[in-house]
Amino acid sequence: GVVMADRKRIKEVEEAAENADYLKKQKRIKSEITRLKKIFKDIDPNKKNLVISTIHDIAFMNITMEDLRESIIENGTTIEYQNGKDQWGEKQSPDAQTYLQLSQKSTQAMKILLDCLPKTPPKTGADEDGFEGFVWGRDDE
């Protein structure tokens, strides 16, 4: 009776908390997508449709990396392990491994977006010394 009802209520509260965390993360990802779309608004319209999934991937990776960063700050970058009774030591934590992998993938994805930006920025004012034109006109590949 009562114990079963308490367990059911605890499970409902836990599921509601998980759902709230999920929704909060979804909202953070959507905000990051919006932020990235503003940054990369000058991408050629023909390329925009090709890179929208890259923007979504980067947003997901950025938010996930924020969460992993918090966990790494709290728990460190290593964990203890034990294989058998005499083999034990420390190894890189799964969070640290995942963070490094996401960081590398995010950098690669960001380069794709940066390569899609126009080489010359929109004209906003006089280019007094020609430096801006030099920097934006270069092909760094």
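At a Förster radius of 35 Å, what calculated FRET efficiency corresponds to the Cβ-Cβ distance of ILE39 and VAL3, to the nearest 0.05? All intermediate terms of the calculation are to be shown ahead of the outcome.
Details: r = 54 Å, r/R0 = 1.54.
So, using R0 = 35 Å, E works out to roughly 0.05.
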Extend 7 Å from the Cα of GLU80 along its Cα-to-C-beta direction; within the stretch 98-118, residues with backbone N under 11 Å of that point are none
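Could you calculate the FRET efficiency of LEU114 with ASP67 from 1/(1 + (r/R0)^6), where r is the beta carbon distance between them and R0 is 22 Å, rounded to 0.05?
On the way: r = 25 Å, r/R0 = 1.13.
In this case the efficiency is close to 0.35.
Heavy atoms only, probe 1.4 angstrom, no DNA, RNA or ligands counted: give me TYR22, TYR81 ranked by accessible area, highest first.
Ranking TYR22, TYR81 by accessible area, largest first, yields TYR22, TYR81.
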Qualifying lysines (Cα of each under 29 Å from Cα of LYS47; at least 8 residues distant if same chain): LYS25, LYS27, LYS30, LYS37, LYS38, LYS105, LYS111, LYS119, LYS123
Provide the solvent-accessible area of VAL51, counting protein heavy atoms only and rolling a 1.4 Å probe, rounded to the nearest 10 Å². 10 Å²
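The values are calculated or read from the model by the stated rules, or taken from the named source; none is laboratory data. Since the structure is predicted, the reported quantities are computational estimates derived from the model, not experimental observations. Glycine also receives a Cβ, built like all others from the backbone with ideal geometry; neighbour counts cover every protein chain displayed. Note: areas computed on protein heavy atoms with side chains; ligands, DNA, RNA excluded. Shrake-Rupley method; radii C 1.70, N 1.55, O 1.52, S 1.80 Å.
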